[in-house]
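First up is the structure itself, then whatever we jot down about it.
The values are calculated or read from the model by the stated rules, or taken from the named source; none is laboratory data. Because the structure is predicted, anything quoted here is derived from the model rather than measured. Every residue, glycine among them, receives a Cβ derived from its backbone with ideal geometry; neighbour counts consider all protein chains shown. When the accessible area is computed, the model is the full protein with side chains, heavy atoms only, and any ligands, DNA or RNA have been set aside. Shrake-Rupley method; radii C 1.70, N 1.55, O 1.52, S 1.80 Å.
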Amino acid sequence: MPSILAPAKLNLFLSLHGLRPDGYHAIETVVAALRWGDTLHGEAWNTGSDLQFEWTAAQTMTPNPNDNLVVRAYHTFWQHLQQPPQLGLTGFKVLLIKHIPTQAGLGGGSSNAAAMLSLMADHYQSITGTAVAFRVLQAMAESLGSDVPFFLHYQRHGVRLALCQGRGERVTPLAQPAAGTIAMGQQPLVIVKPKSVAVSTPAAYQLIRDGNRSSYRSSQPLQHALQNVGCTKALQTLFHNDFEPVVLPSHPALQQVAKTLESIGVRRPLLCGSGAAMAGWLDPSDNLSARSLETHFPAAGFDCTETQLALE
């Protein structure tokens with residue numbers, strides 16, 4: 001059964017630039033894919049003419065499978081092609097193995113959707129001999145969510161670092177960071193999410209609206225530094241997330257995670273998206289690991305993962 005990684009992402013920079021006429025916020029974000037994520041296994045199956053969807057996950061998932069973005073991506077694929085799912089040929093079977101926590105700001109559902117679109121494009125070409133144009137897949141991705149286009153660029157073009165604008169659908173690939181003393185992609189990154197905390201993205205955006213912000217930050221300094229420094233120790237003052245000043249005070253458990261990470265030497269704890277996970281870089285010389293971090297973040301109350309940026 002062919003398999004595909006659906007990686008998590010980390011927003012190294014995230015700034016909201018006001019409401020658009022369509023009601024979405026215009027954003028400017030520098031996004032990096034991680035080496036860790038979910039896995040999708042997909043294959044044609046001959047015992048049916050539609051989708052057979054199964055999953056395994058440590059945490060509770062959407063109770064209605066039809067609400068899952070993998071299932072929605074499957075139906076979106078055929079709707080955009082204006083063709084029935086079966087095409088008189090074969091159905092599709094997919095198994096989703098979940099590792100990315102939900103409502104963590106790590107893009108798990110969006111990454112799953114993009115991976116499914118990629119699997120379906122390959123499946124469609126194998127049974128019809130016709131490739132699906134990237135612009136068509138892009139339109140599908142945009143209809144599924146603001147983060148899906150970035151992950152689609154990862155799946156189809158290998159983009160691992162990008163500037164995303166508009167509501168997230170305008171994806172501009174960025175060059176690999178400069179090689180620092182320790183290249184960014186080699187530095188261990190820890191992600192911690194309190195299991196008791198779930199941040200609603202609409203609620204987080206409402207907190208931003210209620211803040212009456214009048215100034216907006218640009219990612220240009222970070223983009224420039226990435227090409228000239230490439231080491232998180234030097235870059236950490238340029239990492240930025242507009243959600244931090246409003247989400248962290250609203251969730252004391254997240255504030256405590258950030259303080260604990262700082263106390264044990266984790267570099268620049270950074271809120272992942274709109275939350276509820278925090279991420280930070282470990283200093284290799286400190287001999288910290290995700291396993292030793294469990295003494296501070298026990299598995300009963302936290303999801304704790306050690307990974308790296310997928311930049312090399």
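Quick notes on this one:
- Under 5 Å between amide hydrogens, built in the peptide plane, is the criterion, and for A8 it picks out L34, W36, G37, D38 among residues at least 5 positions away or on other chains.
- Annotation: amide H-H contacts under 5 Å for Q52 (H modelled 1.01 Å from N, sequence separation of 5 or more, or interchain): F92, K93, V94.
- Zero-based 10 Å bins, Cα pair distances in the stretch 232-283, whole percents: 27, 58, 15
- Peptide ranges 29-41, 67-79 listed from the most packed, as the mean C-beta count within 10 angstrom indicates: 29-41, 67-79
- Efficiency of FRET from Cβ geometry, D50 and Q186, R₀ 35 Å, rounded to 0.05: 0.20
- Per-residue HN-Hα couplings for the stretch 158-163 [Karplus 6.51, -1.76, 1.60; θ = phi - 60°; Hz; x = Gly/Pro]: x, 6, 10, 9, 8, 9
- Listed cross-link partners K93/K195; K193/K233; K98/K233 are compared with a 27 Å cut-off, the Cα-Cα value being larger for K93/K195; K98/K233.
- In Hz, Karplus ³J(HN,Hα) per residue of the stretch 25-41 (6.51, -1.76, 1.60; θ = phi - 60°; x = Gly, Pro): 7, 6, 10, 9, 9, 9, 10, 10, 7, 9, 7, 10, x, 8, 10, 10, 10
- In a fully extended conformation the segment linking D22 and E43 would gain 3.8 nm over its present Cα-Cα distance, using 0.36 nm per residue.
- Length gained on full extension, I97 to R35, computed as 0.36 nm times the residue gap minus the Cα-Cα distance: 20.8 nm.
- Here the gap between E262 and Q236, fully extended at 0.36 nm per residue and compared with their Cα-Cα distance, gives a gain of 8.1 nm.
- Carbon + sulfur, % of accessible area of the chain - ligands and nucleic acids excluded, 1.4 Å: 49
- Its Cα centre serving as origin, the stretch 66-211 has a Cβ charge dipole (Lys and Arg +1, Asp and Glu -1) of approximately 160 debye.
- Per residue, the convex hull volume that the Cα atoms of the stretch 113-261 enclose (Å³): 159
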